[in-house]
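Below is one structure; the comments refer to it alone.
The values are calculated or read from the model by the stated rules, or taken from the named source; none is laboratory data. Please read these numbers as outputs of a predicted model, since none were measured by experiment. Reconstructed Cβ throughout: ideal geometry from the backbone, glycine too, with neighbour counts over all protein chains shown.
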Amino acid sequence: MREITLDDIESLAVGAWILGTGGGGSPYLGLLNMRRLYAEGRCVKLMSPFDLADDDWVAVVSNMGAPLVGQERLADSRNIARAVEMQQAYHGWKFRAVMSLEIGGNNSIQPLMAAAHLGLPVVDADTMGRAYPEAQMTSVAVGDLRPYPCALYDPRGIEAMVTQVPNWKWMERASRKICTEMGSIASTCKAPRTGAEVKEWGIHFTTSKAIGIGKRVREAQRRHEDPIAAVLDEAQGKLLFRGKVIDVARRTTEGFLRGTAVIDGLDEDRGSRLELAFQNEWVVAWRVDGESRTPIAMSPDLICVLDSVSGNAFGTETIRYGMRASVIALPAPPVFLTPKGLQHVGPRAFGYDIDFRSVFG
Amino acid sequence: MRRIGIDVGGTNTDAVLLEDGRVVHAVKTPTTEDVTGGILASLDLLRRKPEVAQGRIDGVIIGTTHFINAVVQRRHLGKIAAVRIGMPAAASLPPFCDWPQDLAALVAGEVFMLEGGHDYDGREIMPFAEAEMRAAARRIREAGIGAVGVSAIFSPLDPSHEERAAAILTQECPDAQVTLSHRLGRIGLLERENAALLNAALGDLARVTIEGFRRAIAASGIDAPLFITQNDGTVMAAETAMALPVMSFASGATNSMRGAAFLSGIKDAMVVDVGGTSSDVGQLRNGFPREANSVVEVGGVRTLFRMPDLYSIGLGGGSIVKREPLNVGPESVGYRLTQEALVFGGSAVTATDAAVKAGVVAIGDAGRLGELSRETAGAVMTLAREKLEDAIDRMKTEAGDVTLIAVGGGAFLAPDRMAGIGEVIRVPHGDCANAVGAAVAQVSGETDQIYRDMTRAEAIAAAEAQAVERARAAGADPATIQTIEIEDMPLAYLPGNALRVRVRVAGEMAST
């Protein structure tokens, strides 16, 4: 168990945005909350998942809803803490620790906000290892763990529990309806996990990983070194392509942001193009050389599009013409590489009829 | 049709007289601390030309970086009250929460957070807290605070709670200047609120400055209405600018790109404005600068202003040349160029000296360049060209060669042949492109309201008609008015197919 410093959280915001693989929402508002909480003297501790007892209970938290609404209603750190308390009141026991549903983007900070108010440690793990758009795209869904109950909280004093559903898909539907009525934003505490479940099905050490990536990027920025090389080194990634964004097409369908971005090669990639498809997050990358068009990276491998100069991530909502981008791949969590894992998050789960082939062989 | 355009920059105040679409005369004077002195001096210079002195002037249009500089330099800012309407949502991130501490300490007076605001679908988050608002207004009066910034959650969708707050403030503190966030921005509470708070803090400065502009114009014997240019290249009446000074934040860059388009007659091209210290590269699309679509920081405060998308590098006529290794910029002698450059008898080797040695331009006394070799001068010019080429390439949105319009006092640093550039266009009066851009600024009209029981097409048409009428009333020539922006948002929860429509139109200033 170690203390997370505010500097770690500044790094976490940078690293989690990179692990967001284009989505997950900017961690900026969460970071602002944490700066204020630390200024008040609060501090959060990080614990290894392997220090959990098998029968400990762990709260899995996330913010649910439309990123646009989050830009107006903002994230209030106390709301996520209240969602955790609702679960405790429902079950009549206490959580040992809090962990993130999704380390990519804004949800990386949610467990820290809850933990700061509740005096609990944060487990160094999550259930995605990145960001994904749907509730069944988690390691705990791949493991067929129990999807209920789920607590949803709105600061007007609206509290809802989805106490039972037959599967993860129904949890997505039922909780989404409640979230919509709350104004399309809700603080949620998902089905509690036992220490044993976290040890077996959690994706481990992802908070440290995000902090580590962010730290290296910030260091490289300070020293005017190549931040892309720093990310590749820190996260054992591979550089896929360097170039300049020349086209972005977006459309909003069924609540998701879908579209494509095209990057024209520079330096070693001059003369080639990279086409990227996204559904909130980057899903598939094709390299185009003349007539040939080959998929070179796809989910569940992480595709990250970074600013070639600063190393900060570009989101699918904000990427635009003219940006200098380096596209890199990071290894997928092993749980998603099994046949069952690929059913949940492989290219076919996003509608691309491609057999998964990992960048990492 | 005769108009005077003035650009009040950090270094120079430029003024041009535009007559029937032609630049008759252009002058440059140093900007003065009080701003008005420079304007007075440039108007005096302008009026020494007989053709300027005679005949009436239809309008004076001023573009200024004065207000954005006040924020950046932390000068002339007032203490304000902030009213946030949206509790219990967003409670942990109050107004000023992401401001640099020094600026917040200067500006933040009272902060109030009240119940109210709206959801994305038009429903109220909570009913508006009328009694608490009245109590807040009384506290503001008692504290002697003269400016208030008001923000409400989702006010761009439904401004009614901000408007009710303003009505109460007007009753309780009739002398206070009130800024409502929905007049300044869109979705993004913190950024929109920040814009409103900055605007409130600039209230006194705006009043004093714009009244100074008026006095300077009157003192030089010109009897013409005064307009101030805003970020999007259109003008607002002086009274409006007093209420919304932040709308002029980026007008310097916008004006120089609009001026480049006007002087060259080209509507789609890259533009580089090479000044004394820096070069700004932007792109003209249909005669207007392409806008940045991300968060813009002003003096360390995040805002969502619509600003031209610019890439700036530290290269200009005053950039200092360094050797071993050879480099030029980002350090610059700035406004001291005419004392410190070799060609002006100084001892600093600048980009201008290299250009004179290389025979690209004739400025000052080439006889003073003794210590600068022709080889070094050539290498500096190559370096400057490469820096500009890289900056331009970063801003290009398509592969292939593009047309470049080079303006600004240091435009000679951009040679005729550059990688990725098909043609470099130079224009007469290009060194005063920003003042020309002010002189040709258009008049806009905007409407923003909720329509019910209409189809989307009917609602947009109704909004357009109203915006056109407003532009005409503000002085636009009806024959030239074009729609520049339409935005519509369905309010799902409200009965009667409610649709919020925002339309912005602009046209040429009509002759009076």
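Could we say that B:ASP365 is more than 14 Å from every other protein chain (Cβ to nearest Cβ) and among the acidic types (Asp, Glu) here?
Answer is yes for this residue.
Could you figure out which of (1) within 10 Å of chain A (Cβ to nearest Cβ); (2) modelled with pLDDT of 95 or more isn't true of B:ALA131?
Condition not satisfied by B:ALA131: (1).
Consider region B:343-384. How many of its residues are on the phi < 0 side of the Ramachandran plot, assigned to a loop (DSSP other than H, G, I, E, B) and small (Gly, Ala, Ser)? Before the answer, list the steps.
We begin by selecting, within region B:343-384, every residue on the phi < 0 side of the Ramachandran plot; these are B:343-344, B:346-358, B:360-363, B:365-384.
Right, trim to assigned to a loop (DSSP other than H, G, I, E, B) and you get B:346-347, B:349, B:358, B:360-363, B:365, B:369-373.
Filter again for small (Gly, Ala, Ser), leaving B:346-347, B:358, B:362, B:370, B:373.
Qualifying residue count, region B:343-384: 6.
For region B:186-205, indicate whether the set of residues that are surrounded by fewer than 23 Cβ atoms within 10 Å (Cβ to Cβ), free of Cβ contacts under 8 Å to residues at least 12 places away in the same chain and assigned by TED's automatic domain parsing to the domain that holds B:PHE96 is non-empty.
No, every residue in region B:186-205 fails to be surrounded by fewer than 23 Cβ atoms within 10 Å (Cβ to Cβ), free of Cβ contacts under 8 Å to residues at least 12 places away in the same chain and assigned by TED's automatic domain parsing to the domain that holds B:PHE96.
Grab the helices (runs of 4 or more DSSP H) fully contained in region B:60-162, keeping just those with 1 or more residues being surrounded by fewer than 17 Cβ atoms within 10 Å (Cβ to Cβ) and within 28 Å of the chain's Cα centre (by Cα).
Fully inside region B:60-162 and qualifying: B:66-72, B:101-107.
Yes or no: A:ILE203 surrounded by 20 or more Cβ atoms within 10 Å (Cβ to Cβ) and modelled with pLDDT under 95?
Taking the combined requirement at face value, the residue does not satisfy it.
Does B:MET242 fit the bill of being away from chain A (no Cβ under 14 Å) and either in contact with a strand residue (DSSP E or B) (Cβ under 7 Å, 6 or more places away or on another chain) or not aliphatic (A, V, I, L, M) (or both)?
It is false that B:MET242 is away from chain A (no Cβ under 14 Å) and either in contact with a strand residue (DSSP E or B) (Cβ under 7 Å, 6 or more places away or on another chain) or not aliphatic (A, V, I, L, M) (or both).
Being farther than 22 Å from A:ARG130 by Cβ, assigned to a helix (DSSP H, G or I) and acidic (Asp, Glu) is true for just one of A:GLU234, A:GLU225, A:GLU268. Which residue is that? Outline the logic, then answer.
Working: A:GLU234 fails: farther than 22 Å from A:ARG130 by Cβ; A:GLU225 fails: assigned to a helix (DSSP H, G or I).
Of the residues listed, the single one that is farther than 22 Å from A:ARG130 by Cβ, assigned to a helix (DSSP H, G or I) and acidic (Asp, Glu) is A:GLU268.
Show the residue pairs that are 6+ apart or on different chains and have beta-carbon atoms under 9 Å apart, the first residue being within region A:319-344 and more than 14 Å from chain B (Cβ to nearest Cβ), the second being of a type in the set (Phe, Trp, Tyr) and assigned to a helix (DSSP H, G or I).
These pairs meet every condition: A:VAL335/A:TRP201; A:LEU342/A:PHE336; A:HIS344/A:PHE336.
Would you check if A:GLY195 is on the phi < 0 side of the Ramachandran plot and not assigned by TED's automatic domain parsing to the domain that holds A:MET113?
On the way: on the phi < 0 side of the Ramachandran plot: yes; not assigned by TED's automatic domain parsing to the domain that holds A:MET113: no.
The answer is no for A:GLY195.
Exactly one of these conditions fails for B:LEU180: (1) modelled with pLDDT of 95 or more; (2) more than 19 Å from B:ASP448 (Cβ to Cβ); (3) not β-branched (Val, Ile, Thr). Give me its number.
The single condition B:LEU180 does not satisfy is (2).
Do any helices (runs of 4 or more DSSP H) lying entirely in region B:184-286 carry at least 1 residues that are of a type in the set (Ser, Thr, Tyr), touching a Gly at 6+ places or on another chain (Cβ under 6 Å) and at pLDDT below 90, and which ones are they?
The qualifying helices (runs of 4 or more DSSP H) are B:251-264.
Where residues in region B:38-89 are among the small types (Gly, Ala, Ser) and out of contact with any Lys or Arg (no Cβ under 9 Å at 6 or more places or on another chain), which of them is modelled with the highest pLDDT?
The residue in question is B:ALA82.
Go through region B:103-115 and give me each residue that's within 21 Å of B:ALA147 (Cβ to Cβ) and either of a type in the set (Asp, Glu) or away from chain A (no Cβ under 12 Å) (or both). Full working, then the answer.
Here is the first cut: in region B:103-115, the residues within 21 Å of B:ALA147 (Cβ to Cβ) are B:103-114.
Result: B:LEU103, B:ALA104, B:ALA105, B:LEU106, B:VAL107, B:ALA108, B:GLY109, B:GLU110, B:VAL111, B:PHE112, B:LEU114.
Can you tell me which residues in region A:32-78 are part of a helix (DSSP H, G or I) and at the interface with another protein chain (Cβ under 9 Å from one of its Cβ atoms)?
Residues satisfying the conditions are A:LEU32, A:ASN33, A:ARG35, A:ARG36, A:LEU37, A:LEU68, A:VAL69, A:GLN71, A:GLU72, A:ARG73, A:SER77, A:ARG78.
Does region A:303-336 hold any residues that are on the phi > 0 side of the Ramachandran plot and buried (at least 22 other Cβ atoms within 10 Å of the Cβ), and which are they? It would help to see each step written out before you state the result.
Taking region A:303-336 and keeping what is on the phi > 0 side of the Ramachandran plot, we get A:311, A:322.
The answer is A:GLY311, and nothing else.
Take region A:58-78 and flag every residue that is under 20 Å from A:MET171 (Cβ atoms) and either crowded, with 19+ Cβ neighbours inside 10 Å or free of Cβ contacts under 8 Å to residues at least 60 places away in the same chain (or both).
Residues satisfying the conditions are A:VAL58, A:ALA59, A:VAL60, A:VAL61, A:SER62, A:ASN63, A:MET64, A:GLY65.
If you check A:VAL140 against the conditions, is it more than 14 Å from chain B (Cβ to nearest Cβ), in contact with a Pro (Cβ under 6 Å, 6 or more places away or on another chain) and buried (at least 24 other Cβ atoms within 10 Å of the Cβ)? Don't jump to the end; show me each part of the working.
On the way: more than 14 Å from chain B (Cβ to nearest Cβ): yes; in contact with a Pro (Cβ under 6 Å, 6 or more places away or on another chain): no; buried (at least 24 other Cβ atoms within 10 Å of the Cβ): yes.
In short, no.
Does region A:18-49 hold any residues that are within 23 Å of A:GLN236 (Cα to Cα), in contact with a Gly (Cβ under 9 Å, 6 or more places away or on another chain) and surrounded by fewer than 24 Cβ atoms within 10 Å (Cβ to Cβ), and which are they?
Hit for region A:18-49 is A:PRO49, nothing else.
If the requirement is being within 18 Å of A:MET64 (Cα to Cα) and either assigned by TED's automatic domain parsing to the domain that holds A:LEU330 or buried (at least 24 other Cβ atoms within 10 Å of the Cβ) (or both), which of these qualifies: A:MET128, A:MET161, A:MET171?
Going through A:MET128, A:MET161, A:MET171 in turn, just one is within 18 Å of A:MET64 (Cα to Cα) and either assigned by TED's automatic domain parsing to the domain that holds A:LEU330 or buried (at least 24 other Cβ atoms within 10 Å of the Cβ) (or both): A:MET128.
Mind listing whichever residues of region A:1-31 are in contact with a Pro (Cβ under 9 Å, 6 or more places away or on another chain), within 14 Å of chain B (Cβ to nearest Cβ) and modelled with pLDDT under 95?
A:GLY25, A:SER26
Go through (1) in a loop (DSSP other than H, G, I, E, B); (2) surrounded by fewer than 24 Cβ atoms within 10 Å (Cβ to Cβ) for A:PRO300 and report which single condition fails.
Single failed check for A:PRO300: (2).
Does A:ALA196 fit the bill of being surrounded by fewer than 21 Cβ atoms within 10 Å (Cβ to Cβ), hydrophobic (A, V, I, L, M, F, W, C) and either outside any loop (DSSP other than H, G, I, E, B) or free of Cβ contacts under 8 Å to residues at least 24 places away in the same chain (or both)? Spell out the reasoning first.
Values: surrounded by fewer than 21 Cβ atoms within 10 Å (Cβ to Cβ): yes; hydrophobic (A, V, I, L, M, F, W, C): yes; either outside any loop (DSSP other than H, G, I, E, B) or free of Cβ contacts under 8 Å to residues at least 24 places away in the same chain (or both): yes.
For A:ALA196, the condition - surrounded by fewer than 21 Cβ atoms within 10 Å (Cβ to Cβ), hydrophobic (A, V, I, L, M, F, W, C) and either outside any loop (DSSP other than H, G, I, E, B) or free of Cβ contacts under 8 Å to residues at least 24 places away in the same chain (or both) - is met.
Starting from residues that are touching a residue at least 60 places away in the same chain (Cβ under 8 Å) and of a type in the set (A, V, I, L, M, F, W, C), keep the ones in region B:368-405 and report whichever is farthest from the other protein chains (Cβ to nearest Cβ).
The extreme case among them is B:ALA384.
Determine which single condition A:ILE103 fails, assuming it passes every other condition in (1) surrounded by fewer than 17 Cβ atoms within 10 Å (Cβ to Cβ); (2) assigned to a loop (DSSP other than H, G, I, E, B); (3) not basic (Lys, Arg).
Among (1) surrounded by fewer than 17 Cβ atoms within 10 Å (Cβ to Cβ); (2) assigned to a loop (DSSP other than H, G, I, E, B); (3) not basic (Lys, Arg), the lone unmet condition for A:ILE103 is (1).
Looking at region B:28-45, which of its residues are buried (at least 23 other Cβ atoms within 10 Å of the Cβ) and either outside the structural domain of B:ARG214 (by TED's automatic domain parsing) or aliphatic (A, V, I, L, M) (or both)?
Residues satisfying the conditions are B:ILE39, B:LEU43.
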